[in-house]
1. I need the full set of residues from the stretch 82-119 which are among the hydroxyl-bearing types (S, T, Y) and open to solvent by 40 Å² or more (accessible area, probe 1.4 Å), in order please.
2. From the list L99, L83, L87, L72, pick out the single residue that is in contact with a Pro (Cβ under 6 Å, 6 or more places away or on another chain) and at pLDDT 95 or above.
3. Would a scan of the stretch 141-148 turn up a residue that is small (G, A, S) and within 25 Å of P187 (Cβ to Cβ)?
4. Identify all residues within the stretch 34-92 that are within 16 Å of the ligand (Cβ to nearest atom) and of a type in the set (G, A, S); write none if there are none.
5. Can you tell me which residues in the stretch 32-48 are at pLDDT below 95 and among the polar types (S, T, N, Q)?
6. Among the numbered criteria (1) open to solvent by 40 Å² or more (accessible area, probe 1.4 Å); (2) modelled with pLDDT under 95; (3) in contact with a strand residue (DSSP E or B) (Cβ under 8 Å, 6 or more places away or on another chain), which single criterion is violated by R29?
7. Of the residues in the stretch 121-133, how many are open to solvent by 30 Å² or more (accessible area, probe 1.4 Å) and modelled with pLDDT of 95 or more?
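The values are calculated or read from the model by the stated rules, or taken from the named source; none is laboratory data. Just so we're clear, the structure is a prediction, and the values are computed from it rather than from any experiment. Glycine gets a Cβ as well: all are built from the backbone with ideal geometry, and neighbour counts include every protein chain shown. Side chains are part of the model used for accessible areas, which takes the heavy atoms of the whole protein and leaves out ligands, DNA and RNA. Shrake-Rupley method; radii C 1.70, N 1.55, O 1.52, S 1.80 Å.
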Amino acid sequence: MLLVKQWTSDLLGLLFPNLCNACGNSLFRHEQLICIKCLYDLPFTDYHQYADNRVAKQLWGRLPLNAAMAMLYFRKGAKVQNLIHNLKYNGRTDVGVLLGNMLGERLKPAILYQDIDIVIPVPLHRKKFKSRGYNQSTFIAEGIAAQMGIDISENHLIRNTSTESQTKKSRYNRYENMKAVFQVNFPEDIIGKHILLVDDVITTGATLEACANALLATGAAKVSIAALAFAE
Ligand SMILES: [Zn+2]
């Protein structure tokens, strides 16, 4: 019986091998989701240690943030892109939690991120949520919140209208368009609090800027930003 079980398990392993979400190679039994080699090769930014990192500088002058960082450099065709692709399009929400855990491990001892009250994922566009079935940033936020021992909320920051495609608009128009999109519910929970906003990849920062502005306008004391990756 034991032999049959082992054989079945090996056969299933051959048919559905456990593959690394970054490089696609088979994982060894002790490896989970990402192989050791890929973990070792991940391009970490160490931005959590520097207030004047490139993500923060990109947002400087646009809004009064407490701190901003991204954990990894995002390069097209590279391992980080594969990881985020699997998280967003292949249902690998476990990759989001794992990377969120890694992010939380870094933020936990970081001076700028010490007094966070609530972790809030950037809400997904309603149509995208419907077709994807989940918000990838929620799983990243769950990983962070678990490491830092902080609550996560998906009820406080809401996307209230559908926005048209952002790609062909200038940054100014995009921002104007985003401004009305986010709404804060239960403001009494937000007033005077330090909020950590979580996103997957930072590109222009327009969405994060609109989210942070909505929270600050509601009376949040501080808003900080953490993302998995930064598109250079
Ligand atoms: Zn790998």
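1. Within the stretch 82-119, Y89 is the sole residue that qualifies.
2. Going through L99, L83, L87, L72 in turn, just one is in contact with a Pro (Cβ under 6 Å, 6 or more places away or on another chain) and at pLDDT 95 or above: L72.
3. yes
4. G77, A78
5. Q32
6. Only one criterion is unmet by R29, namely (3).
7. Residues flagged as open to solvent by 30 Å² or more (accessible area, probe 1.4 Å) and modelled with pLDDT of 95 or more within the stretch 121-133 amount to 0.
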